[in-house]
1. Under the condition of being at pLDDT 85 or above and hydrophobic (A, V, I, L, M, F, W, C), which residue from the stretch 253-263 is nearest to the chain's Cα centre (by Cα)?
2. Looking at the stretch 24-37 only, could you name the residues that are surrounded by fewer than 19 Cβ atoms within 10 Å (Cβ to Cβ) and in a helix (DSSP H, G or I)?
3. Can you name every residue in the stretch 248-258 that is over 19 Å from M144 (Cβ atoms) and surrounded by fewer than 14 Cβ atoms within 10 Å (Cβ to Cβ)?
4. Filter the stretch 102-159 down to the residues that are hydroxyl-bearing (S, T, Y) and in a helix (DSSP H, G or I) and list them by number.
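The values are calculated or read from the model by the stated rules, or taken from the named source; none is laboratory data. These numbers come from a predicted model, not from an experiment. Cβ atoms come from the backbone with ideal geometry, glycine included; neighbour counts cover every protein chain shown.
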Amino acid sequence: MLSFVMSPMKLASLSVMLMGTFVSVGSEGLVGVWLGLELNLYGFLVVMNPDGHHNPEPCVKYFVVQSTGSILMLGGFLFLMEECVESGLIMSSLGVVLKSGIFPLHSWVPSIIKNSSWLASGLMLTWQKISPLVFLSMIMPCKMLWFVITLMASIGAVGGLNQNSVRVMSAYSSFVHTSWMLLGLMWSTVVFMGYFVVYSLSVGLFFYGCSLMNKASMVGQFSSAASGMGLLMLMGMPPFLGFLVKVLVFLISEGLLITVCIMGSVISLKFYMDFFYSMMTKSLADKNKTEMKLMWAFVVGANLMGVTLVLAVFS
């Protein structure tokens, strides 16, 4: 991350990526939403391969997928402007579904995540989802959104089983968490933002620890405090923040959808526990003891603060 601060081009691309998301989310017009997504795309392409040393294949695939989604969105917007509401909503929804990588146009996500850098993979699973998910919740009918949530929870839980790659496992895990975020977004924007922040922190810690240990495969032994805490938060185990935000979604949700999301999380515990067991079979490395102690202190403090805030809200 320090290299992005030291390089003007990398810093500019990161700024364009962030600005694009803010423009898209804050825009009141359809053209502004599309423009923000395009700015975000072009900034993120540089982040994916800043020095030209990484495999260019995921960059090309990501560009093709996002460009196709943008064309569908722009076509849908044109139909909406011509008052062809049904056709416009269908095309716009397909474009956003493709760009966000959710069912039924989700198959590109694991393959691109697998071959990307740790930073690009982490951003793709977190920050890049904000604009598409917010816009999708506005234009997609509730019944269709319920269907998407159900399938995302099921595909993420079953698809992550027996995966060997850490990144691919994280991609399928993101499908389950996306179902929770969409469910929260249907009822409360505040709960969605809380869930998203906790999920982003979990993925960031998990990928940071994996990058330190160069852990691309689930085979073998390694140990990192950052990965351990991030994984526990992703599991949704009490008393960590991952569990608390799921409780918030549970409390505000109605109907059977929450049951499907819970079942998806329960099934996904299988591959989480496999990875956690692999990780904990080796003691902490001496060379990383200082970093690990600081990371443990930070994450434990953040989780305790989250528990305190939630108890204060419900007391």
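1. The extreme case among them is C261.
2. V25, G26, V31, G32, L35 - these are the residues of the stretch 24-37 that are surrounded by fewer than 19 Cβ atoms within 10 Å (Cβ to Cβ) and in a helix (DSSP H, G or I).
3. Result: L251, single match.
4. Hits for the stretch 102-159 are S111, S121, S131, S137, T150, S154.
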